[in-house]
Amino acid sequence: AMLRQASLAARRAAGRGIASFASGRQAAVISAMVRKPVKVDFEGGAGSARVAPSLLKPKHGRSLSCSASSGEDMGHMEPPEAFELLQTEDWKFVDVRTEEECAAGHVEDSVNIPVFFFSDAGMTPNTKFVEQLRAAVPDKTTKLIMGCKIGQRSMMAGQLALNDQYDEVHNMTGGMIWWAESGLPIQQ
């Protein structure tokens, strides 16, 4: 029942673009990322993602630059559809949560490449995300399903993949919370 309530809250939050179960700084960061998207290029690394202007402050000596948002479109699908498609060889699930989140439970045969890292300072972008994606999924014709906890980080990761010329990229709506609620298999 508790998982169901969290999942429903996540779906409502995703519909509003705000993670209502996040608190304090996390909620503000997520809200800003959804409400004020811009295209961000990580200096020293290929790719870009939609990130809030408030996140553009350099951290650890890395600088970020802004430009207009991309015109690429990303597909969206619910977990049951994602599960069915992942039974074929043409599809790959990319879990963009942190390693700790992924270790708690993930989709079988998925690839874990965090798009952000969490620290005491807040969310820090993984400037090597695109490089790591290229290494894990070198064939850009592979159809990708991006997933995270509720679907926000995976939308950003999906945009990075599209900007790097992957042919087909989809965001899994509702993330792993909705996946679990749907009773789909989770590997520990």
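Annotations
- One residue alone among A68, A32, A82 is under 22 Å from G174 (Cα atoms) and either modelled with pLDDT under 95 or touching a Cys at 6+ places or on another chain (Cβ under 7 Å) (or both), and that residue is A32.
- Pairs meeting the criteria (first residue in segment 105-129 and at positive phi, second residue part of a loop (DSSP other than H, G, I, E, B), beta carbons under 9 Å, at least 6 apart or on different chains) are G105/I186; G105/Q188.
- When segment 118-135 is filtered for residues that are open to solvent by 50 Å² or more (accessible area, probe 1.4 Å) and at pLDDT 95 or above, the ones remaining, listed by number, are K128, E131, Q132, R134, A135.
- Qualifying positions in segment 117-155 - over 23 Å from Q87 (Cβ atoms), part of a helix (DSSP H, G or I) and touching a helix residue (DSSP H, G or I) at 6+ places or on another chain (Cβ under 7 Å): F129, V130, Q152
- Qualifying residue in segment 159-168 (condition: under 12 Å from D95 (Cα atoms), of a type outside the set (S, T, Y) and either in contact (Cβ under 8 Å) with a residue 40 or more places away in the chain or open to solvent by 30 Å² or more (accessible area, probe 1.4 Å) (or both)): no
- Some residue of segment 163-176 being touching a helix residue (DSSP H, G or I) at 6+ places or on another chain (Cβ under 6 Å) and acidic (D, E): yes
- Test: residue in segment 77-88 that is part of a strand (DSSP E or B) and open to solvent by 30 Å² or more (accessible area, probe 1.4 Å): no
- Lone unmet requirement of (1) open to solvent by 30 Å² or more (accessible area, probe 1.4 Å); (2) in contact with a Gly (Cβ under 8 Å, 6 or more places away or on another chain); (3) farther than 22 Å from G75 by Cβ for K149: (3)
- Of all residues in segment 107-116 being within 22 Å of D90 (Cα to Cα) and touching a helix residue (DSSP H, G or I) at 6+ places or on another chain (Cβ under 6 Å), the one that is least open to solvent (accessible area, probe 1.4 Å): I113
- Of all residues in segment 89-103, those satisfying the criterion of being modelled with pLDDT of 95 or more and part of a loop (DSSP other than H, G, I, E, B) are V96, R97, T98.
The values are calculated or read from the model by the stated rules, or taken from the named source; none is laboratory data. Please read all numbers here as calculations on a predicted model, not as lab measurements. Glycine gets a Cβ as well: all are built from the backbone with ideal geometry, and neighbour counts include every protein chain shown. For the accessible areas, the whole protein counts, side chains as well, though only heavy atoms, and no ligand, DNA or RNA atoms are used. Shrake-Rupley method; radii C 1.70, N 1.55, O 1.52, S 1.80 Å.
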